[in-house]
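Beneath this line is the structure, given in structure tokens, with notes to follow.
Only the coordinates and a few stated rules stand behind these numbers; no lab work does. Note that the structure is predicted; figures quoted are calculated from it, not measured. FYI the Cβ positions are ideal-geometry reconstructions off the backbone, even for glycines, and counts take in every protein chain you see.
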Number of protein chains: 2
Amino acid sequence: MNFVDIHLEPIQSDTKKKILETAIDFFSRKGYTGVSVRDITREVGIKESSLYKHFKNKDEILETIFLNFRIDSAIILPPVERIDAILEAIGPEEFLNTGLKNFMKHAEDPNMRSIWRIMYIEQFRDPLAKEIYSHDIVRKTVDFLALAFGRMIARQQIRPFDPMTLAVEYQYPLFTMIMEYIMVKSDGMDSSDVERKMSEHVRFFWSAVKP
Amino acid sequence: MNFVDIHLEPIQSDTKKKILETAIDFFSRKGYTGVSVRDITREVGIKESSLYKHFKNKDEILETIFLNFRIDSAIILPPVERIDAILEAIGPEEFLNTGLKNFMKHAEDPNMRSIWRIMYIEQFRDPLAKEIYSHDIVRKTVDFLALAFGRMIARQQIRPFDPMTLAVEYQYPLFTMIMEYIMVKSDGMDSSDVERKMSEHVRFFWSAVKP
DNA sequence: GTCTATAGTAAGATAGAC
DNA sequence: GTCTATCTTACTATAGAC
């Protein structure tokens with residue numbers, strides 16, 4: 001995974017990258033307040049004082065993680081302007097399946113999954129984490145889907161429900177499943193049950209809305 | 001709210017109760033590792049050493065919280081044996097609405113909502129919290145619903161889908177909505193949007209499965 | 001069951017040599 | 001950019017007087 005620092009510059013230094021990856025791993029398992037700078041530097045193999053040559057303080061590490069989450073999660077959804085073109089090309093059922101595939105690709109990276117865990121935890125403690133999760137993930141996704149379902153209805157590709165209701169009905173179960181998926185994978189367990197649930201959901205939803 | 005200690009004895013002492021409620025409040029906002037014994041005793045108005053007359057250590061406070069969550073969350077669902085009687089009495093749509101009402105009543109207590117936040121946070125860090133949330137909440141609820149939907153199908157009260165699929169389709173969106181509800185309420189914000197989403201979900205689901 | 005006092009450890013962070 | 005050394009504060013927990 002390619003990280004950027006808080007000035008959006010790519011992180012080149014191996015040590016800085018290792019600090020970040022270790023922090024991501026530890027924060028995701030113990031929470032930000034449950035991990036000390038000592039824990040991180042011990043794992044990286046440097047002294048505590050050296051860490052401060054790479055990050056101003058412990059908080060800047062978390063900021064960096066949040067920033068990279070923002071950037072990398074932004075590409076899960078295609079731009080709103082492309083909705084019509086996509087619906088034209090592949091139809092609504094495949095539209096939904098492709099969205100799922102996009103997320104799965106995004107979540108292939110273990111670092112990314114760990115960052116999801118961090119967002120889940122820190123949203124309760126950190127106002128910025130909460131803002132990022134509830135805005136960049138929840139709201140953005142639901143708004144995008146409401147638009148997409150609106151277009152599907154206009155094209156008579158699905159039955160005429162309220163688009164926002166459809167967006168919630170489609171995405172809210174997925175939010176729970178995504179959390180389960182992140183959990184299962186980070187425990188090194190088999191994820192096929194969760195993935196089956198996701199496919200089954202798309203199927204059920206489609207059967208409920210198809211014309 | 002009436003708490004019990006780790007030996008299942010009701011907590012009578014006002015100080016012990018105040019320690020527990022303060023811990024619940026603080027843990028729910030900053031996480032277990034983000035709150036010190038000092039933070040708690042300062043708020044309660046006692047010295048740190050006094051806290052150890054009530055709890056063996058910091059960990060025992062968390063154990064007590066988990067135990068009380070287990071006990072109080074267990075009464076959200078009626079016993080499995082009563083499913084048929086309930087379906088007989090009120091029918092499937094009202095069955096679902098009543099389930100929602102039961103949860104809402106359970107979540108009326110601010111302490112209870114704070115404990116839900118604690119479970120959300122600590123499941124990522126604490127194996128016991130994870131076990132409680134994923135078993136006592138997720139699995140138990142879904143299994144209960146699968147049974148209930150199976151009975152509804154046998155009674156021809158809904159269309160014959162796979163009961164487990166129905167359970168997931170019904171409950172997984174609610175898990176996300178419950179989390180939203182807990183969040184919104186603990187921020188002192190208006191919860192009517194989330195509550196509307198819940199009702200709307202029951203309506204949508206019912207329209208998808210009704211005979 | 002409260003307090004004062006204190007032990008012993010761990011925390012975040014900095015100074016300055018190399 | 002790494003290290004040693006250190007500062008200061010904060011942490012959990014206990015001893016013992018009242």
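As a proxy for reagent exposure, ranking B:204, B:161 by other Cβ atoms within 10 Å from fewest up yields B:161, B:204. Counting beta carbons within 10 Å around each of A:28, B:73 and listing the fewest first gives the order B:73, A:28. Placing unit charges on the Cβ atoms only, positive for Lys and Arg and negative for Asp and Glu, gives the range A:131-211 a dipole magnitude near 500 debye about its Cα centre. Karplus-based coupling profile of the range B:153-167, in residue order and whole Hz: 5, 4, 8, 6, 8, 9, 6, x, 8, 5, x, 5, 4, 4, 4, with θ = phi - 60° in 6.51 cos²θ - 1.76 cosθ + 1.60 and x standing for Gly or Pro. Gyration tensor analysis over the Cα atoms of the range A:40-146 returns equivalent ellipsoid semi-axes of 35, 15, 11 Å (largest first, whole Å).
Residues whose amide H falls under 5 Å from that of residue B:4, counting only those 5 or more places apart or on a different chain, are B:11, with hydrogens built in the peptide plane. With N the number of residues in the range A:1-77, Rg(Cα) / (2.2 N^0.38 Å) evaluates to 1.06.
In square nanometres, what is the average projected area of the Cα convex hull of chain B? Mean projected area of the Cα convex hull: 12.4 nm². Coordinate range of the alpha-carbon atoms in the protein assembly as shown per principal axis, descending: 63, 59, 38 Å. Residue by residue along A:121-130, Cβ atoms of other protein chains within 10 Å of the local Cβ number 4 on average.
For the residues of B:155-165, the average number of beta carbons from a partner chain within 10 Å of their own beta carbon is 1. FRET efficiency for the pair residue A:131 and residue A:161, taken as 1/(1 + (r/R0)^6) with r the Cβ-Cβ distance and R0 = 30 Å, rounds to 0.50. Label zone of residue A:97 (point 7 Å out along Cα→Cβ, amide N under 19 Å): in the range A:176-197 this covers A:192-197. Measuring nothing but label to label, 7 Å from Cα along Cα→Cβ, what are residue B:82's distances to the other copies in nm, shortest first? Ordered by increasing distance: 5.2 nm.
Note on the range B:148-200: Kirkwood radius taken over Cα pairs, Stokes-Einstein applied at 20 °C and 1.002 mPa s, translational D equal to 170 µm² s⁻¹. When both the range B:1-59 and the range A:86-158 are represented by their alpha-carbon centers, they are found 39 Å apart. Considering only A:147, A:129, A:99, the residue lying farthest towards the positive end of the dipole of chain A is A:129, judged by Cα position with unit charges set on Cβ. Around the Cα centre of chain B, unit charges on the Cβ atoms of Lys, Arg, Asp and Glu (plus for the first two, minus for the last two) sum to a dipole of about 200 debye. Peptide B:169-178 shows a mean partner chain C-beta count of 6 within 10 Å per residue C-beta.
Remark on the range A:72-126: Rg and Dmax equal 14.2, 43 Å (Cα only).
Rounded to whole numbers, the Karplus 3J(HN,Hα) couplings from phi for the range B:44-50 are 6, x, 10, 7, 3, 4, 5 Hz, using 6.51 cos²θ - 1.76 cosθ + 1.60 with θ = phi - 60°, and x at Gly and Pro. So if I place +1 on the C-beta of Lys and Arg and -1 on the C-beta of Asp and Glu, and nothing else carries charge, what would the dipole magnitude of the protein assembly as shown be about its Cα centre? I want it in debye, nearest 20. In total the dipole reaches around 340 debye.
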